[in-house]
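Novice: What follows is a single structure, and I will ask about it in a moment.
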Amino acid sequence: MSTSPMSLSRFMLEEERKHPKAVGDFTLILEQIAFAAKIISREVNKAGLVSILGAASTHNIHGETQQKLDLFSNEEMIKALDPTGKVCAMASEEMDDMVPVSDKNLEGRYAVVFDPLDGSSNIDVNVSIGTIFGIYKRANDNDCLKSLLQKGKELVCAGYVIYGSSTMFVYTTGNGVNGFTLDPSVGEFLLSHPNIKIPEYGKIYSINESNYDRWTKGIQEYVKFIKNHPDRQYTARWIGSLVADFHRNLLKGGVFLYPEDTKNTKGKLRLLYEANPMSFIVEQAGGMSTNGRERILDIQPTSLHEKTPLILGSKYEVELYLQYREKYG
Ligand code: AHM
Ligand code: MG
């Protein structure tokens, strides 16, 4: 007799039972993120049909005000998390300051960071995009900002949702990485990719090569070497959505790079909403992540929207980059 598939909800509950002191707050937060993801997925999938895209505050055929999908996604995340009363602080890539939380969250024991819809340039053209999130325990004192500005290695959970040919929810609580695929017929995420491990090396390198002339010598020499690698033929893949590029490389192996250049002197990606969650996941899957000088998860954030160079993926390719960086700068 075949067993019924493991749903994300059941998986979370079974994980919670492994922690006898758990009171369910964390599971509730994660459940709510998964709920928001289903709503966002639904809107992303029908985006072309209902002309929800375009400038914010346009009207649909029912005369209702429409929003851009990234603003919509931001609101859905907040609407899902705030009512839990468990989140003392939130920060979103879409908002300049901390997300205001309602009073019932003041005692909340967790802080959440998220990029509600990453891959903005791909939203209007039907190319895979995603939601990224990270969850921290509240910092000891009452400073909410401090709870959000913790090092990535303090994350208790990180995950992403990819809205691709199917919708997938991938997350880790520091005990391996698991992926769940949304079955739209039952409206549930079902365990499809248990215990994901990134291969030791891959054949894919992902970098926006139009920045070549602005790169440092280290990155230029690295890419030249990769293209003429003595042992295997690499191929380039660049979707322009971190979630999609990362997800592919996580499953197939390889490296994703958004390094610093003369225009983006600190790279383009944000430490809190993009680099830290993905770095936590890749390390849990057996890979590596660096800014070229230090492990991403060791960086002490100083502001909500700071950027960082990001090089992450299979161990072999990331270690090789560090050698080139060391040699050429
Ligand atoms: P966004 O937060 O505005 O969506 O930008 C982040 C995205 C990443 O998903 C992607 O890796 C990168 O920007 C692509 O940048 P570029 O357009 O320079 O290739
Ligand atoms: Mg983003």
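The values are calculated or read from the model by the stated rules, or taken from the named source; none is laboratory data. The model shown is predicted, which means the values in this text are computed figures rather than measured ones. Positions of Cβ are backbone-derived with ideal geometry, glycine not excepted, and every protein chain shown enters the neighbour counts. To get the accessible areas, we keep the full protein, side chains included, count just its heavy atoms, and leave off ligands, DNA and RNA. Shrake-Rupley method; radii C 1.70, N 1.55, O 1.52, S 1.80 Å.
Novice: Within segment 152-168, how many residues are part of a loop (DSSP other than H, G, I, E, B) and under 15 Å from Met278 (Cβ atoms)?
Specialist: Counting residues in segment 152-168 that are part of a loop (DSSP other than H, G, I, E, B) and under 15 Å from Met278 (Cβ atoms) gives 0.
Novice: Mind listing whichever residues of segment 107-124 are within 16 Å of ligand 1 (Cβ to nearest atom), of a type in the set (A, V, I, L, M) and either closer than 25 Å to Ala22 by Cβ or open to solvent by 10 Å² or more (accessible area, probe 1.4 Å) (or both)?
Specialist: Answer for segment 107-124, where residues must be within 16 Å of ligand 1 (Cβ to nearest atom), of a type in the set (A, V, I, L, M) and either closer than 25 Å to Ala22 by Cβ or open to solvent by 10 Å² or more (accessible area, probe 1.4 Å) (or both): Val113, Ile123.
Novice: Is it true that some residue in segment 261-270 is among the hydroxyl-bearing types (Ser, Thr, Tyr) and within 15 Å of ligand 2 (Cβ to nearest atom)?
Specialist: no
Novice: Kindly evaluate Ile135 against the criterion of being within 30 Å of Lys68 (Cα to Cα), surrounded by 16 or more Cβ atoms within 10 Å (Cβ to Cβ) and within 16 Å of ligand 1 (Cβ to nearest atom).
Specialist: In short, no.
For (1) farther than 23 Å from Glu154 by Cα; (2) free of Cβ contacts under 8 Å to residues at least 12 places away in the same chain; (3) of a type outside the set (S, T, N, Q); (4) within 15 Å of ligand 1 (Cβ to nearest atom), each residue gets a yes or a no:
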{"position": "Leu71", "(1), (2), (3), (4)": "yes, no, yes, yes"}
{"position": "Glu76", "(1), (2), (3), (4)": "yes, no, yes, no"}
{"position": "Lys79", "(1), (2), (3), (4)": "yes, no, yes, no"}
{"position": "Asp82", "(1), (2), (3), (4)": "no, no, yes, no"}
{"position": "Met90", "(1), (2), (3), (4)": "no, no, yes, no"}
{"position": "Val101", "(1), (2), (3), (4)": "no, no, yes, no"}
{"position": "Asn105", "(1), (2), (3), (4)": "no, no, no, no"}
{"position": "Asn126", "(1), (2), (3), (4)": "yes, no, no, no"}
{"position": "Thr131", "(1), (2), (3), (4)": "no, no, no, yes"}
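Novice: From the list Glu154, Glu188, Glu200, Glu209, which one is under 17 Å from the mean Cα position of the chain (by Cα) and acidic (Asp, Glu)?
Specialist: Criteria check complete, one pass: Glu154.
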